[in-house]
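The values are calculated or read from the model by the stated rules, or taken from the named source; none is laboratory data. Predicted model only: the values in this text are computed from it and were never measured. Here Cβ is always computed from backbone atoms with ideal geometry, including for glycine, and neighbour counts include all displayed protein chains.
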Amino acid sequence: MYRSWQMYFLNSGMGSSDFAGCDDKSGRVVWFDSRLSDPDVKRVLGDRFKPFLIISRSSVRIRSQMGICDSCHSGCCRSFAVPISGADIHQFTQYQNKNFWDFACRWEDSEGLISRNLAPHFFFEDAPDVPFVICLKHIPSVSFPGTTKCRFLMECLPDDDHPKGLGRCSIYHSRPHTCRSFPAKLNDDSELAILYEIPTNGRNGEPAYDLCPRQWTPADLDPNETIQSLVVAKYEMTFFKKIAVIWNQNPGPWNSFPEFINIIYANRISSGQVGNSSQDQSPDDSESLSNAA
């Protein structure tokens, strides 16, 4: 029963327990009982056992719902450093039980090409003059050796029908709002989503970093979900910038950053009423953020 399938497995450390494999032709996902151990899989598959991924059943997007991305190798998830907010970090660590070091990294951004005036810059004790943006982590690609991909990108290796393979987001339903709103941005009034032009390649001409086969159209995106994602992304990055100001007043070590974020975001709800004016705000509100830094 296994002969028509290529299986690729890797203990991803993402806290999931199901094995996934890719169909040689269609790229469909097939699932195996989590009780199958690595030796069991190796015994069944023999030499065809290769590293790939362990993901959750609920994280795979139905192919018919993906539109322009349906047969794509996910060049965008390979080309770009994806900024994440403190809210994204808190969601992953506290509600999805993911380890910060497994999904997050700091990308040097001296020229501002990653932040693009949207994501904040953080400075750290070991490099006090270097601006960093907090992003999703990249790891080596199996499909394209010598290149990298998003930590959460699930790869199906290339075949005759898909020469670059297929890519699927293993956290699709809980992906950051930066990913949800791609490739759109808010207009100046924050009332309309504007599609921006996608280049043919995202980085140095490597085939792995080839981007969308055509330009996006309004019909490719849900108008309401896109606007909502853009608005939330803007709000959270604006709040994250305020957190960055506090952190950067006295930059700490990188290894203390996750705890700092957790303290801030675990206390975003107050039992008391906080006014909109500075006169109504309690001095403790700002002091608690500064103390966390």
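Just one of (1) closer than 17 Å to ALA104 by Cα; (2) surrounded by fewer than 13 Cβ atoms within 10 Å (Cβ to Cβ) fails for PHE240. It is (2). Taken over the stretch 89-140, the residue count meeting the criterion of being of a type in the set (D, E, K, R) and touching a strand residue (DSSP E or B) at 6+ places or on another chain (Cβ under 6 Å) is 4.
Being at pLDDT 85 or above, in a strand (DSSP E or B) and surrounded by fewer than 17 Cβ atoms within 10 Å (Cβ to Cβ) holds for only one residue in ILE139, ILE134, and it is ILE139. When ASP129, ASP159 are screened for being part of a loop (DSSP other than H, G, I, E, B) and either more than 23 Å from TYR265 (Cβ to Cβ) or among the charged types (D, E, K, R) (or both), only ASP159 passes. Scanning the stretch 143-166 for residues that are within 18 Å of the chain's Cα centre (by Cα) and more than 23 Å from ASN99 (Cβ to Cβ) yields THR147, LEU166.
Just one residue in the set SER256, SER229 is among the hydroxyl-bearing types (Ser, Thr, Tyr), in contact (Cβ under 8 Å) with a residue 12 or more places away in the chain and assigned by TED's automatic domain parsing to the domain that holds VAL130; that residue is SER229.
The single residue among PHE100, PHE132 that is in contact (Cβ under 8 Å) with a residue 60 or more places away in the chain and assigned by TED's automatic domain parsing to the domain that holds THR238 turns out to be PHE100.
Is at least one residue of the stretch 82-94 assigned to a loop (DSSP other than H, G, I, E, B), of a type in the set (A, V, I, L, M) and surrounded by fewer than 19 Cβ atoms within 10 Å (Cβ to Cβ)? There is no residue in the stretch 82-94 that is assigned to a loop (DSSP other than H, G, I, E, B), of a type in the set (A, V, I, L, M) and surrounded by fewer than 19 Cβ atoms within 10 Å (Cβ to Cβ). Within the stretch 180-239, the set of residues being among the small types (Gly, Ala, Ser) and out of contact with any His (no Cβ under 9 Å at 6 or more places or on another chain) comprises SER181, ALA184, SER190, ALA193, GLY202, GLY205, ALA219.
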